[in-house]
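The values are calculated or read from the model by the stated rules, or taken from the named source; none is laboratory data. Please read these numbers as outputs of a predicted model, since none were measured by experiment. All Cβ positions, even for glycine, are placed from backbone atoms using ideal geometry, and neighbour counts span all protein chains on display.
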Amino acid sequence: MLKILIADNNVGLCETLEAFLERQEAMQVVGIAHDGEETLTLIEEQEPDVVILDITMPHLDGLGVMERLSRLHLTQRPKIIVLTAFGREDIIRRFTDLGADYFVVKPFDLNVLADRIRQFAGDDTEDSLVREPELELNQSPRTMARSTVNREAMVTELLHKIGIPAHFKGYNYLRDAVLVVLEEEGLFGGSLTKELYPRLAEKYNTTPGGVEAAIRNAVITAWDHGNRAFLEELTGRTTKGRFPTNSLIIAKLADQLKYKARLSS
């Protein structure tokens, strides 16, 4: 039985991966972590055979996990499969130097991920692989809402294009806010402070006001030092006007992703 630990701060993605991997023969998900510190704790407690590790996580990112992995008292080091939404050579080189075994670029096919897990864990038999349809963007809105792997990659791409630094707290909050709005279209009727911010605050163990302020700080930073031309195009604002509000950014990012999905259909 291959023991697998999933480390990613996207709850929906973790649920998707867990459900798929648990259906595979001789695979068991022994833990799910949403931040780097929790990841290290679970690695030491569960001693998994394979860790599926996201690069961007709160408290301690994927690089930090890799840097501290050698300090743990493990009988055997797990295989590390890194999830990334961008293939920057410097980052990949750094992870490789720290001992990463394989990289999976989002969006990815779940079947390919299962193949790689078996190969690196020493069991690449085809008979034990449960095949699933590849996740596609050109699906109905309801099906697309379940395709978390693709959606997260698209949001990440847009946030990088805007110029929001990935280490900002507001980066994670804004990404998750857009994903929630995509999944629950009825949520956005003026209920940011009543529903969305409290939900994100609970996930990240902070306050709704802290979520709002962090997103605001990220937006202001992007407006002043990021890709203002793209922000103006996205929101309809100009350099003569004030920078866009949180709600406008979230709504426009969600609309942009829906438009991309329609173009793919």
Matching residues in the range 1-21 (within 11 Å of Ala114 (Cα to Cα) and without any contact (Cβ under 8 Å) to a residue 24 or more places away in the chain) number 0
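Taking the residues in the range 96-112 that are part of a strand (DSSP E or B) and of a type in the set (Phe, Trp, Tyr) as candidates, determine which candidate is modelled with the highest pLDDT.
Tyr102
Every residue, every condition in (1) aromatic (Phe, Trp, Tyr); (2) modelled with pLDDT under 80; (3) under 22 Å from Glu232 (Cα atoms), yes or no:
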| position | (1), (2), (3) |
| --- | --- |
| Arg146 | no, yes, no |
| Lys161 | no, no, yes |
| Phe168 | yes, no, yes |
| Asn172 | no, no, yes |
| Leu187 | no, yes, no |
| Thr193 | no, yes, no |
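Residue-wise test of (1) hydroxyl-bearing (Ser, Thr, Tyr); (2) over 28 Å from Asp176 (Cα atoms).
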| site | (1), (2) |
| --- | --- |
| Val29 | no, no |
| Glu38 | no, no |
| Glu47 | no, yes |
| Leu69 | no, no |
| Thr84 | yes, no |
| Leu98 | no, yes |
| Phe108 | no, no |
| Arg116 | no, no |
| Ala121 | no, yes |
If you go through Arg88, Arg77, Arg93, the only one that is of a type outside the set (Gly, Ala, Ser), at pLDDT 90 or above, farther than 26 Å from Leu200 by Cβ and not assigned by TED's automatic domain parsing to the domain that holds Tyr173 is Arg77
Exercise. Is it the case that Val65 is buried (at least 22 other Cβ atoms within 10 Å of the Cβ), touching a residue at least 24 places away in the same chain (Cβ under 8 Å) and either at positive phi or part of a helix (DSSP H, G or I) (or both)?
Worked result: yes
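For every residue, the table says whether it meets (1) crowded, with 18+ Cβ neighbours inside 10 Å; (2) assigned to a loop (DSSP other than H, G, I, E, B); (3) not assigned by TED's automatic domain parsing to the domain that holds Glu157.
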{"site": "Gly12", "(1), (2), (3)": "yes, no, yes"}
{"site": "Thr41", "(1), (2), (3)": "no, no, yes"}
{"site": "Pro48", "(1), (2), (3)": "yes, yes, yes"}
{"site": "Arg71", "(1), (2), (3)": "no, yes, yes"}
{"site": "Val82", "(1), (2), (3)": "yes, no, yes"}
